[in-house]
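> Okay, here's the structure, questions in a sec.
The values are calculated or read from the model by the stated rules, or taken from the named source; none is laboratory data. Note that the structure is predicted; figures quoted are calculated from it, not measured. Glycine also receives a Cβ, built like all others from the backbone with ideal geometry; neighbour counts cover every protein chain displayed. Protein only, heavy atoms only, side chains kept; ligands, DNA and RNA dropped before computing areas. Shrake-Rupley method; radii C 1.70, N 1.55, O 1.52, S 1.80 Å.
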Amino acid sequence: MSDILHDLSGGVLTLTFNRLDKKNSLTSAMYQVLQQALDTAASDDAVRVVVLQGHATVFSAGNDIGDFLQRDPAEPPAGGEASPPLAVFGFLHALARFPKPLLAAVCGPAVGIGTTLLLHCDLVYAGDNAAFSMPFVNLGVCPEAASSLLVPQMMGYHRAAEALLLGEPFMAEAALEVGLVNRVLPPTEVNAYAQQQARKLAAKSQASLIETKRLLKKGQVDAVRERIDEEGALFGRLMAGPAAREAFTAFMEKRKPDFSGL
Ligand code: COA
């Protein structure tokens, strides 16, 4: 079965992460499918709203670390130093420019991009088992998805520094408090609630929704795009460095990374 499930019903396109044996970690192939689904949905009149969801036990463990390790460290970022190096950044741009309402239903761990993609969703519903984390520093890389811009705006500088420098998980109630999620529900109810809200949106005027979302985001479209690219170039460079190699290898070998001397 596919790692990304598509379901279109009543104007609501639901994209489900379906790689449970690897905790819904996202591979390059999955990013490409997601990017294409979003870009197609943007111009498809049959799609009025998109919902992203995972499983009741895990939303996503973030980028597939095996995928990172397969990349040749000597390989320059695609398109030169200033360009984003990976399929993930194509997905992030598609997410950031998506013009229609985008909802997420999040249960269990939401690691790395599992959390940062939510910054680009319009409505986020979380199970009370949701655990959000952005452990980029712990992996020897840097924030992505314009999270270095959007997280401090959302949480304030000090809470953002805690989330992005320490990279420790925070639970659904804390995410609700800082405005990352709209509502916390029992995990068994999250997907159904997100669908219910998506249906409400699908019944509204498309033009009004699209213009309202455009106005809501207007102040920083360029800044977000530029930050995704700036982070992307840095991320690519750090990913090829010794700290990231050590962190990724340690994860695959199920041991703690040793950053001494790095
Ligand atoms: N990339 C690749 N494989 C991953 C993965 C990832 N990001 N996250 C989990 N997996 C794999 C594990 O290697 C393991 O595979 P195996 O069964 O072949 O050994 C399987 O998924 C189950 O993971 P496990 O860690 O045993 O599950 P858990 O329930 O104990 O913990 C998480 C779940 C999500 C908390 C934990 O897997 C985790 O922290 N993952 C890494 C998150 C991360 O650093 N992501 C990158 C962000 S940029």
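> Exactly one of (1) closer than 22 Å to Ala126 by Cβ; (2) away from the ligand (no atom under 11 Å from the Cβ) is unmet by Leu26. Its number?
Result: Leu26 passes all but (2).
> Do the conditions hold for Val106, that is, is it near the ligand (Cβ under 10 Å from one of its atoms), modelled with pLDDT of 95 or more and either more than 15 Å from Glu168 (Cα to Cα) or open to solvent by 10 Å² or more (accessible area, probe 1.4 Å) (or both)?
No, not satisfied.
> Here is a further query. Which one is farthest from the ligand (Cβ to nearest atom) among residues in segment 132-181 that are crowded, with 17+ Cβ neighbours inside 10 Å and among the hydroxyl-bearing types (Ser, Thr, Tyr)?
The residue in question is Ser148.
> Sticking with this one: Among the residues of segment 236-261, write down those that are of a type in the set (A, V, I, L, M, F, W, C) and touching a residue at least 12 places away in the same chain (Cβ under 8 Å).
Of everything in segment 236-261, those that are of a type in the set (A, V, I, L, M, F, W, C) and touching a residue at least 12 places away in the same chain (Cβ under 8 Å) turn out to be Leu238, Met239, Ala240, Ala243, Ala244, Ala247, Phe248, Phe251, Met252, Phe259.
> Something else about it: Please count how many residues of segment 40-60 are open to solvent by 60 Å² or more (accessible area, probe 1.4 Å), touching a helix residue (DSSP H, G or I) at 6+ places or on another chain (Cβ under 7 Å) and under 18 Å from Lys213 (Cβ atoms). Reasoning before the result, please.
Pass one, segment 40-60, residues open to solvent by 60 Å² or more (accessible area, probe 1.4 Å): 40, 43, 45, 48, 55, 57.
Pick out the ones that are also touching a helix residue (DSSP H, G or I) at 6+ places or on another chain (Cβ under 7 Å) and you get 48, 55.
Pick out the ones that are also under 18 Å from Lys213 (Cβ atoms) and you get 48.
Total satisfying the criteria: 1.
> Quick one: what pairs do we get from segment 134-162, first residue on the phi > 0 side of the Ramachandran plot, second within 11 Å of the ligand (Cβ to nearest atom) and among the hydroxyl-bearing types (Ser, Thr, Tyr), C-beta under 9 Å, 6+ apart or different chains?
Pairs found: Ala145/Thr115; Ala145/Thr116; Ala146/Thr116.
> If you check Lys217 against the conditions, is it closer than 19 Å to Leu95 by Cβ and modelled with pLDDT of 95 or more?
Here the answer is yes, as Lys217 does meet what is asked.
> Could you tell me which of the residues Val58, Val47 is in a loop (DSSP other than H, G, I, E, B), in contact with a Ser or Thr (Cβ under 9 Å, 6 or more places away or on another chain) and modelled with pLDDT of 95 or more?
Values: Val58 fails: in contact with a Ser or Thr (Cβ under 9 Å, 6 or more places away or on another chain).
Matching residue, one of Val58, Val47: Val47.
> Given the criteria within 16 Å of the ligand (Cβ to nearest atom), open to solvent by 50 Å² or more (accessible area, probe 1.4 Å) and in a helix (DSSP H, G or I), does Asp21 qualify?
When the stated conditions are applied, Asp21 passes them.
> Where in segment 206-262 are there helices (runs of 4 or more DSSP H), lying wholly inside it, with at least 3 residues that are within 19 Å of the chain's Cα centre (by Cα) and more than 16 Å from the ligand (Cβ to nearest atom)?
So the answer is 221-239.
> Looking at segment 46-72 only, could you name the residues that are free of Cβ contacts under 8 Å to residues at least 40 places away in the same chain and either more than 16 Å from the ligand (Cβ to nearest atom) or under 20 Å from the mean Cα position of the chain (by Cα) (or both)?
Once the filter is applied, which keeps residues that are free of Cβ contacts under 8 Å to residues at least 40 places away in the same chain and either more than 16 Å from the ligand (Cβ to nearest atom) or under 20 Å from the mean Cα position of the chain (by Cα) (or both), segment 46-72 yields Ala46, Asp72.
> Mind checking which residues of segment 147-183 are farther than 23 Å from Phe248 by Cβ and part of a loop (DSSP other than H, G, I, E, B)?
Gly156, Gly179, Leu180, Val181, Asn182
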